[in-house]
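The values are calculated or read from the model by the stated rules, or taken from the named source; none is laboratory data. As the structure is a computational prediction, the values presented were derived from the model and not from experiment. For neighbour counting, all protein chains shown are included, and Cβ atoms are generated from backbone atoms with ideal geometry for every residue, glycine included.
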């Protein structure tokens, strides 16, 4: 029996790794392109221009979610309902989503004389939010379908193609502009995004039945509206610090902060890839009530996240030294707290899968709203005294709260079997202990040298062996006993 469970668990984990590999491939390629573009963009952009670009990107995402009331987020959940009427559901969703979005845009335009002053991006950039929002929603809908159907390879190809075209053409556009160079990247992203949005629709048109069904409208609103505060609060946690920095310190400091934050946030590619791959396996194992296998699979998922976080921290100064222009160099101090914060974000994302599966959207919203409030308050307190570093530590504080609050929510919800925290806490201690050794022996100061690379490689290998020790040992014992 134990051998059978072991085979099943290995199959589940290999499936998880296979899809994680595909999702991670697209993210890694995007990271690779970004790393190649950093020396170009960091020299073409002034810190102020890069700051304005980052603030625009933050507002465009926030407005897309808010003006659409988040209704497009219900695709994955309804797909797994398996009711046999997904085509009619999709038709209802598209009609409802873009009707709400159109009304929201009209209100936004009518209030633009006021909101434009609050946003602080002039009059032209807010008008571009319209197109950015449409592309954001279209990609969100199509990617949910691909992920639910486990079409990770197709998802990866589309992402790689989109990102390659966007970054390469953006470099040319930014280079050709002499002033306000951020327009080059913004407009390029919009135009290419519109092309992909048309492709998404062409692929879905045969599985969409355009009609409004009241039961589908009720399902969409019942599922999505309670998640609206959660989704917006999540964006606040990841983006609002830049808006506050702009208001207190100015766009130039936003640019320095955004450079460090974006590099630190590269670990999110690992976290989201693992989470995306885990969701279908999670739903299957939950339905089959195979909780022991699920418990082990979740822990292994978090180990992958810890491996990625450690690798990024080990290479942070190399990235800045080799790729980033000197005017952004202060951003290096932002990376460590942001990466550690994403460890706790990974824990929260695991908890969120449980809560989302059992439709505890109200609890998710309460947790995220309170985390958003904590983030805003801590930013307002720490940024004036600590500068941009205060924003990074505000992110860490709020993400720790997310992990703790979501765990408490699961514990008090007795009908949800959840993964045990004690084994993961041991993994977290190994991770933090490795960082202590890394900084105690000042390995971050060794630079991109043979000795620096050697010592970091040794420490990283030891970290991975200790992290997976309880799984490596049985494999080695079985091999040696043959």
Is the stretch 344-354 home to any residue that is under 28 Å from residue 455 (Cβ atoms), at pLDDT 90 or above and surrounded by 23 or more Cβ atoms within 10 Å (Cβ to Cβ)?
no
Among the numbered conditions (1) in contact with a helix residue (DSSP H, G or I) (Cβ under 9 Å, 6 or more places away or on another chain); (2) under 22 Å from residue 65 (Cβ atoms); (3) at pLDDT 90 or above, tell me where residue 233 comes up short.
(3)
Among 140, 133, which is at pLDDT 85 or above, surrounded by fewer than 19 Cβ atoms within 10 Å (Cβ to Cβ), closer than 29 Å to residue 244 by Cβ and within 22 Å of the chain's Cα centre (by Cα)?
140
Within the stretch 360-369, identify whether any single residue is farther than 21 Å from residue 240 by Cα and either under 20 Å from the mean Cα position of the chain (by Cα) or not in a helix (DSSP H, G or I) (or both), and answer yes or no.
yes
Taking the stretch 78-92 on its own, how many of its residues are part of a helix (DSSP H, G or I) and out of contact with any helix residue (DSSP H, G or I) (no Cβ under 6 Å at 6 or more places or on another chain)?
4
Output yes when any residue across the stretch 107-117 is over 25 Å from residue 172 (Cβ atoms), in contact (Cβ under 8 Å) with a residue 24 or more places away in the chain and crowded, with 18+ Cβ neighbours inside 10 Å, and no when none is.
yes
Selection count where residues are in contact (Cβ under 8 Å) with a residue 40 or more places away in the chain, part of a helix (DSSP H, G or I) and surrounded by 12 or more Cβ atoms within 10 Å (Cβ to Cβ), scope the stretch 431-451:
6
In the stretch 256-271, is there at least one residue being more than 19 Å from residue 37 (Cβ to Cβ) and either modelled with pLDDT under 90 or in contact with a strand residue (DSSP E or B) (Cβ under 9 Å, 6 or more places away or on another chain) (or both)?
yes
All-but-one check, residue 386 against (1) surrounded by 24 or more Cβ atoms within 10 Å (Cβ to Cβ); (2) without any contact (Cβ under 8 Å) to a residue 24 or more places away in the chain, failing number (1)
Please count how many residues of the stretch 174-191 are free of Cβ contacts under 8 Å to residues at least 60 places away in the same chain and crowded, with 19+ Cβ neighbours inside 10 Å.
4
